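Below you'll find the structure, written out as structure tokens, and then a few comments.
Derivation of every value follows stated rules applied to the coordinates shown; laboratory data play no part. Small disclaimer: the values here were computed from a predicted structure and weren't measured. Glycine gets a Cβ as well: all are built from the backbone with ideal geometry, and neighbour counts include every protein chain shown.
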Amino acid sequence: MPITEGNVLARNGDHNIEFGVIKADGTFRVMGLKPGNTYAFSVESKMVERTLPDKKSIVMASGDNTDVSFVSIEKPSTFSISGSAFFEGE
């Protein structure tokens, strides 16, 4: 199941941040990236607990890169509790 909302961020150092909006089919496009620069890509979405990898660094080529993928760990919608129950005394 794709992530259907959120953003993919592309960071180049501490100052340059570009982003692309994740579409309903899970695809995204980050524009304005400069060839030769290294960008760290990450996903921001309220739908996911975390992604694997959490960041992916790519040196931009002179053309489009189309192979940036993340595996998402979905935030649980329910939680469970477990423990033990014992009798004390007789």
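Quick one: is Met60 on the phi < 0 side of the Ramachandran plot and touching a residue at least 40 places away in the same chain (Cβ under 8 Å)?
When the stated conditions are applied, Met60 does not pass them.
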*asked:* Within segment 19-51, take every residue that is of a type in the set (A, V, I, L, M) and in contact with a Ser or Thr (Cβ under 8 Å, 6 or more places away or on another chain) and give me the one that is farthest from Glu74 (Cα to Cα).
replied: Ala40
*How many of the residues making up segment 54-90 are of a type outside the set (A, V, I, L, M) and closer than 17 Å to Ile22 by Cβ?*
11
